[in-house]
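Take this structure first; my questions come after.
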Amino acid sequence: MSTTHPDVTSTGADGPVVLTGTPVVPGVALGPVIRPHGAVQLPTEDAEPVAEADRAAEKERFTAAAEVVAGRLTERAAAASGVSSAVLQTTADLAKDRGLRSTVEQRIDAGASAPVATVGAAQQFADLFASLGGLMAERVTDVNDVRDRIVAELTGQSEPGVTNPDTPSVLLADDLAPADTAGLDPARVIALATRLGGSTSHTAIIARQLGLPCVVAVGGLADVPEGALVLVDGEEGTVTVDPDQADAQARVEAAQAAAAALAGYTGPARTSDGHAVQVLANVQDGAGAQAAAAAHAEGVGLLRTELAFLGHSEEPSVEEQAQGYRGVFEAFPGAKVVVRTLDAGSDKPLAFATPADEANPALGVRGLRTTRLNPGILTRQLDAVKQAAEATGATPWVMAPMVSTVAEAADFAAAVRERGMVPGVMVEVPSVALLADRFLQHLDFLSIGTNDLSQYTLAADRLSGDLADLTDPWQPALLRMVQLTAEAGQRVGKPVGVCGEAAADPLLACVLVGLGITSLSCAASSVAGVGAKLGTVTLDTCRRAAEVALAADDPQSARAAVREVLDAA
Ligand code: PEP
Ligand code: MG
């Protein structure tokens, strides 16, 4: 197939229409389509200014509406857990944000009604976030969501978003606000498909946490009517409209049987012929590490340390940092824990570490490059990791993000070794994959970050839904980068892992192992799926899967060819 973008395909004149997109959470579900409620009507101007005497009451009306919205979201946050709860609480906090309130009040002071002032103030914030780019730009969705909820409350319109349906249903949408996906009841919304979004979008992250089959960037989705029966296949990346019922039911049952098999997974992972592959977890704090241990992860393959820094306007102290790392080491006594040093910049700008005026932040001062402007941040962080390691008896592996040159890796390795820890770097820039042998002369391991490596190999912004087909981790050029790196590791007997989202896809995991990858690190909720899948294949089958994936011209044919190899084995 020579498809260059997810598209619509049909199985025949009278056959069901099959829409294709990017698969992000495996599983198969069949149900009627529901869609989010219609858009809230947003007033942009008032017929006449609010009289001065009424402005205080108008401000109170805004405050009351914002409190109702925040209260509802906080209630839903309390009923949810993990990432879902955090996402809902963040949106609730935004509804109560003092900056938003004072901007609205200034507009009311100038004569605007509360709904018009809310729309104007939200626009001001959205413009600001959009201009900051990266993860901050993703907050525009939150701002718009909060705006819609407050305006609905003020004007008596129904609350926007998704009402959990009575019958188990499939939610189709253009895109989903984080607060919508976080409040979903997985017993009643059984699958998600969106027209926009990529494999690292909020929709994908929450769907993964809830274990909902999910496909994003689906072409032709807008034409599927509410109530139509659809089959979502989160492994194939398809949405089949009006499928043959018996066939669809058989696919759902097969997927359920596979899911039940996962429930018994306790690790450690190995192929059916005994080849060991560590299946580790990506975490951001001690609580996440505990959850990963409960999910039978064999350790931590990626501790994203910057996520604990995100809300800070100043660098946390060494003691504060060490306290956080201790919680992670304690969850995995004696096991492998890979700490990634601060990955600030680009989609994760930090006030104290990232230049504000970069023209092109994804190619700018991010990750290890932060040390060019402020070397102390790295040395203090390494001291904190060492302090936590000494307090818990751990020997952490420590790796740097966004490394491009051998000299950077050598300097970093020296600083890590000086503190008695194990040095490595992430492979996110093609230059590291190309010269992996030389990097490994200085390092004890490499860990491939496929999210960024695909963005830099295919020259496509990882946050762009329009380009999700380019950042698909099944792109053969990305797999070639993985192969180059893994082979370099094998030549010198040093471990090469994958810790990007690619490692969460059970089918792709077989390919990665066939390419010579020694460990896979993914969200805790994906550990059992990946580990169990590896137990069904031999190393030789993985190698054949790798060969056909590399030989394919595009992600869709790579997936199809690999599935054929695995089915035939
Ligand atoms: C990656 O780039 O694949 C990775 C794991 O790092 P992050 O997603 O945090 O940039
Ligand atoms: Mg990265």
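The values are calculated or read from the model by the stated rules, or taken from the named source; none is laboratory data. Bear in mind that the values here come from a model prediction, so they are computed numbers and not experimental data. Here Cβ is always computed from backbone atoms with ideal geometry, including for glycine, and neighbour counts include all displayed protein chains. Quick note on the areas: whole protein, heavy atoms, side chains included, nothing else; ligands and nucleic acids left out. Shrake-Rupley method; radii C 1.70, N 1.55, O 1.52, S 1.80 Å.
Here are some residues: 259, 255, 297, 289. Which one is crowded, with 20+ Cβ neighbours inside 10 Å, part of a helix (DSSP H, G or I), under 24 Å from the mean Cα position of the chain (by Cα) and not acidic (Asp, Glu)?
Unique residue meeting the criteria: 289.
I need the full set of residues from region 490-505 which are more than 11 Å from ligand 1 (Cβ to nearest atom) and surrounded by 24 or more Cβ atoms within 10 Å (Cβ to Cβ), in order please.
Passing the criteria: 496, 505.
Do we have residue 489 as touching a strand residue (DSSP E or B) at 6+ places or on another chain (Cβ under 8 Å) and within 16 Å of ligand 2 (Cβ to nearest atom) here?
Answer is no for this residue.
State whether one or more residues within region 396-405 are assigned by TED's automatic domain parsing to the domain that holds residue 363, more than 16 Å from ligand 1 (Cβ to nearest atom), in contact with a helix residue (DSSP H, G or I) (Cβ under 7 Å, 6 or more places away or on another chain) and closer than 24 Å to residue 308 by Cβ.
Yes.
Let me ask something else. Here's a check for you: in region 8-43, which residue that is at pLDDT below 90 and among the β-branched types (Val, Ile, Thr) is surrounded by the fewest Cβ atoms within 10 Å (Cβ to Cβ)?
11
Of everything in region 103-120, what is in a helix (DSSP H, G or I) and more than 33 Å from the chain's Cα centre (by Cα)? Give them in sequence order.
Of everything in region 103-120, those that are in a helix (DSSP H, G or I) and more than 33 Å from the chain's Cα centre (by Cα) turn out to be 105, 106, 107, 108, 109, 114, 115, 116, 117.
For region 510-531, which positions are part of a strand (DSSP E or B) and in contact with a Cys (Cβ under 6 Å, 6 or more places away or on another chain)?
521
Evaluate the following for residue 416: is it surrounded by fewer than 24 Cβ atoms within 10 Å (Cβ to Cβ), β-branched (Val, Ile, Thr), assigned by TED's automatic domain parsing to the domain that holds residue 553 and away from ligand 1 (no atom under 16 Å from the Cβ)?
In short, no.
Let me ask you something else. Across region 366-378, which residue is nearest to ligand 1 (Cβ to nearest atom) among those that are in a helix (DSSP H, G or I) and over 16 Å from residue 425 (Cα atoms)?
377
Now for a different question. When you go through 430, 476 one by one, which is the residue that is at pLDDT 95 or above and within 16 Å of ligand 1 (Cβ to nearest atom)? Break it down into steps so the answer makes sense when it comes.
Working: 476 fails: within 16 Å of ligand 1 (Cβ to nearest atom).
Only one candidate passes the filter, namely 430.
Continuing with the same structure: State whether one or more residues within region 440-456 are of a type in the set (Ser, Thr, Tyr) and either more than 28 Å from the chain's Cα centre (by Cα) or away from ligand 1 (no atom under 13 Å from the Cβ) (or both). Give the derivation first.
Of region 440-456, the ones of a type in the set (Ser, Thr, Tyr) are 447, 450, 454, 456.
Then drop every residue that is not either more than 28 Å from the chain's Cα centre (by Cα) or away from ligand 1 (no atom under 13 Å from the Cβ) (or both), which leaves none.
No, the conditions are met nowhere in region 440-456.
Can you tell me which residues in region 44-86 are more than 34 Å from the chain's Cα centre (by Cα), in contact (Cβ under 8 Å) with a residue 60 or more places away in the chain and open to solvent by 80 Å² or more (accessible area, probe 1.4 Å)?
Once the filter is applied, which keeps residues that are more than 34 Å from the chain's Cα centre (by Cα), in contact (Cβ under 8 Å) with a residue 60 or more places away in the chain and open to solvent by 80 Å² or more (accessible area, probe 1.4 Å), region 44-86 yields 44, 45, 49, 61.
Moving on to the next point. Can you go through 385, 279, 339, 328 and tell me which one is away from ligand 1 (no atom under 15 Å from the Cβ), in the same structural domain as residue 422 (by TED's automatic domain parsing) and part of a strand (DSSP E or B)? Walk me through how you get there before you give the answer.
Details: 385 fails: part of a strand (DSSP E or B); 339 fails: away from ligand 1 (no atom under 15 Å from the Cβ); 328 fails: part of a strand (DSSP E or B).
Just one listed residue meets the conditions, 279.
Restricting to region 430-470, give me the number of residues that are in a loop (DSSP other than H, G, I, E, B) and either under 30 Å from residue 418 (Cα atoms) or of a type in the set (A, V, I, L, M, F, W, C) (or both).
Going through region 430-470 one residue at a time, the tally reaches 12.
Let me ask something else. Cβ-Cβ distance below 6 Å, separation of 6 or more or different chains: which pairs start in region 354-366 with a residue that is in contact (Cβ under 8 Å) with a residue 24 or more places away in the chain and end on one that is open to solvent by less than 30 Å² (accessible area, probe 1.4 Å) and in a loop (DSSP other than H, G, I, E, B)?
361/133; 361/346; 362/346; 366/346; 366/402
Let me ask another. Looking only at region 426-444, count every residue that is open to solvent by less than 20 Å² (accessible area, probe 1.4 Å) and away from ligand 2 (no atom under 16 Å from the Cβ) and tell me the total.
Total satisfying the criteria: 4.
Which of the residues that make up region 87-104 are touching a residue at least 24 places away in the same chain (Cβ under 8 Å) and surrounded by 19 or more Cβ atoms within 10 Å (Cβ to Cβ)? Can you show your working first?
Of region 87-104, the ones touching a residue at least 24 places away in the same chain (Cβ under 8 Å) are 87-88, 90-91, 94-96, 99-101, 104.
Selection gives 87, 88, 91, 94, 95, 100, 104.
When the residues of region 301-328 are narrowed to those that are hydrophobic (A, V, I, L, M, F, W, C) and away from ligand 2 (no atom under 16 Å from the Cβ), which ends up most open to solvent (accessible area, probe 1.4 Å)?
Per the stated criteria, the residue is 308.
Can you give me the number of residues within region 474-507 that are under 25 Å from residue 21 (Cα atoms) and touching a residue at least 40 places away in the same chain (Cβ under 8 Å)? Steps first, answer last, please.
Start the filter on region 474-507 by keeping residues that are under 25 Å from residue 21 (Cα atoms), which leaves 474-482, 498-507.
Now drop any that are not touching a residue at least 40 places away in the same chain (Cβ under 8 Å), which leaves 474-476, 479-482, 498-507.
Total meeting the criteria: 17.
If you scan region 451-483, which residues turn out to be more than 19 Å from residue 512 (Cα to Cα) and polar (S, T, N, Q)?
Correct list: 464 only.
Further question: Open to solvent by 40 Å² or more (accessible area, probe 1.4 Å), within 25 Å of the chain's Cα centre (by Cα) and either assigned by TED's automatic domain parsing to the domain that holds residue 535 or of a type outside the set (A, V, I, L, M, F, W, C) (or both): which single residue out of 219, 234, 264, 211 fits that description?
The unique qualifying residue is 211.
Checking the condition within 13 Å of ligand 1 (Cβ to nearest atom) and either at pLDDT below 95 or within 30 Å of residue 255 (Cα to Cα) (or both), which residue from 511, 482 passes?
Checking each option against the conditions leaves just 482.
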